[in-house]
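Take a look at the structure below.
The values are calculated or read from the model by the stated rules, or taken from the named source; none is laboratory data. Remember, it's a predicted structure, so these values are computed and weren't measured experimentally. Quick reminder, even Gly has a Cβ in these numbers, built from the backbone with ideal geometry, and neighbours come from all protein chains shown. These area figures cover heavy atoms from the full protein model, side chains too; ligands, DNA and RNA do not enter into them. Shrake-Rupley method; radii C 1.70, N 1.55, O 1.52, S 1.80 Å.
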Amino acid sequence: MPLADRRLLYKQIEQKRERPLIAYVTSTRGGGAGGRMASDAIAELLDQNQEVPKNTEAVDLLVVSNGGDLTVAWRAISLLREREWKIGIMIPQVAFSAATLLAMGADQIVMHPNGNLGPVDPQITVTKPAGEQRFGYEELTAFLEFCRKEVGLTDQEHIRQLFVLFCKEVGTVPVGVAARSSLLSLSMGEKLLREHMT
């Protein structure tokens, strides 16, 4: 949809909701053409933030994104909270991963019937000669749990060998990064909910 048409829709939303609208939309196209939430968006959000009149009590943030950098979600909500606004997040399509965390920091979530939130477990991309491989900490824990419960492995040496195989497949550093990112996501989700929940 052309930008001019989108701006008309944004104005209609502002009139209907009787509050300013800030848009944060990244490309959700596949095949390497997608966009991710990244720190370069903060400057744009600051510009939109400054355009909001001083006497405003509430704003809406329209979000369409497959996610990206978790810290961008925290920084974006913090920017809006500095102005002491009530924050509504509007989700017409997708808000996955870091975008779901962003929504968790709002006072209100308004979703289109086709809108989707997603899991907040960060996905790590590992580049191998055979191509890119994506996985999250949850894949590792689910794999080991599957081996224990479904396969019936109880010997710790067998579990250790499977862990070693997993690390050989994706690398030890990415496993550590995935574990750290998972903890960061959990911590950030709790902090974002505490911003507005009593």
Query - Protein accessible area in the chain, 1.4 Å probe - carbon and sulfur % - result: 54 percent
Query raised in the report: Considering only the other residues whose Cβ falls under 11 Å of the Cβ of SER78, what net charge follows from Lys and Arg at +1 and Asp and Glu at -1?
Result: +2
Query - Charge dipole magnitude, Cβ of K and R +1, D and E -1 - the chain, Cα centre, debye nearest 20 - result: 240 debye
Query raised in the report: Which residue fluctuates the most in the chain, going by a Gaussian network model with Cα springs under 10 Å, if the choices are PHE146, PHE166, PHE96?
Result: PHE146
Report summary line: Per the C-alpha gyration tensor (a ≥ b ≥ c, the square roots of its eigenvalues), the range 103-188 is rounded if a/c is under 1.5, else prolate if a/b beats b/c, else oblate; here it's prolate
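Just want to confirm a number: the relative contact order over the chain, from Cα pairs under 8 angstrom separated by 6+ residues, in percent.
Across the chain, relative contact order equals 16 percent.
Of all beta bridges DSSP finds with both residues in the chain, what is the antiparallel percent, to the nearest 5?
25 percent
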Report task. Return the subset of LYS54/LYS86; LYS11/LYS191; LYS168/LYS191; LYS128/LYS149 for which the Cα-Cα distance in this structure is over 24 Å, preserving the input order. Result -> LYS11/LYS191; LYS168/LYS191; LYS128/LYS149
**Report entry** ARG36 accessible area, assembled protein chains, probe 1.4 Å, Å²
**Finding:** 120 Å²
Query - For LYS168, net neighbour charge (Lys/Arg +1, Asp/Glu -1) across residues whose Cβ lies under 14 Å away - result: +1
Query raised in the report: Among rounded, prolate and oblate, which fits the range 10-100 when a ≥ b ≥ c are the square roots of the eigenvalues of its C-alpha gyration tensor, a/c under 1.5 means rounded, and a/b larger than b/c means prolate?
Result: prolate
Query raised in the report: Sorting MET90, MET37, MET111, MET197 by accessible area (1.4 Å probe), largest first, what list results?
Result: MET197, MET111, MET90, MET37
Query raised in the report: What number, rounded to the nearest 500 deg cm²/dmol, is the helix-based mean residue ellipticity at 222 nm of the chain, given -39500 (n - 2.57) per DSSP H run of at least four residues and division by all its residues?
Result: -16000 deg cm²/dmol
Query raised in the report: Can you give the accessible area per residue of the range 1-141, in Å², using a 1.4 Å probe?
Result: 56 Å²
Query raised in the report: Using a basic spin-label model with each label point 7 Å from the Cα along Cα→Cβ, how many nm lie between MET111 and VAL177?
Result: 3.0 nm
